[in-house]
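The structure under discussion appears below in the form of structure tokens.
No lab work stands behind these numbers, since they all come straight from the coordinates. What you see is a predicted model, and the numbers here were worked out from it, not measured in a lab. Reconstructed Cβ throughout: ideal geometry from the backbone, glycine too, with neighbour counts over all protein chains shown.
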Amino acid sequence: MEIGEKIKKLLKDNKLSLREFCIKNDLIYTTVTFQLNKNNPGYDILEKLYRSFPTIDSKWLFGNTEEKKEEENTVKNNEQIIDEVIQKMKDLKKNLTQS
């Protein structure tokens, strides 16, 4: 499952439509839809996703695993989550420029 599909599944599992997520997070629906369909969500989408769902496992979101794991006992603080997202974005950018 690609990252765009995983984000859509996460929203569906939380009974939130993509449009509702965009409205709640001041995102442009058509832009988000385009980026998710291309499996290339921007930093702003990822940041707001992690702010909305702070317990989501970044290994599931960015990795190859199909299993979604949410941390039940430990909630990461937002700074740790943002740092992880920034690092993953840097890694993705590096991989894209090397291709």
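Calculate the FRET efficiency for residue 89 and residue 24 from the Cβ-Cβ distance with a Förster distance of 25 Å, rounded to the nearest 0.05.
On the way: r = 22 Å, r/R0 = 0.88.
E between residue 89 and residue 24, to the nearest 0.05, is 0.70.
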Here the convex hull volume per residue of the stretch 1-65, taken over Cα atoms and given in Å³, is 76 Å³
Listed by chain and number, the residues whose amide H is under 5 Å from that of residue 39, excluding neighbours fewer than 5 places away on the same chain and using placed H, are 4
1/(1 + (r/R0)^6) with r = Cβ-Cβ of residue 15 and residue 37, R0 = 25 Å, i.e. FRET efficiency to nearest 0.05, evaluates to 0.70
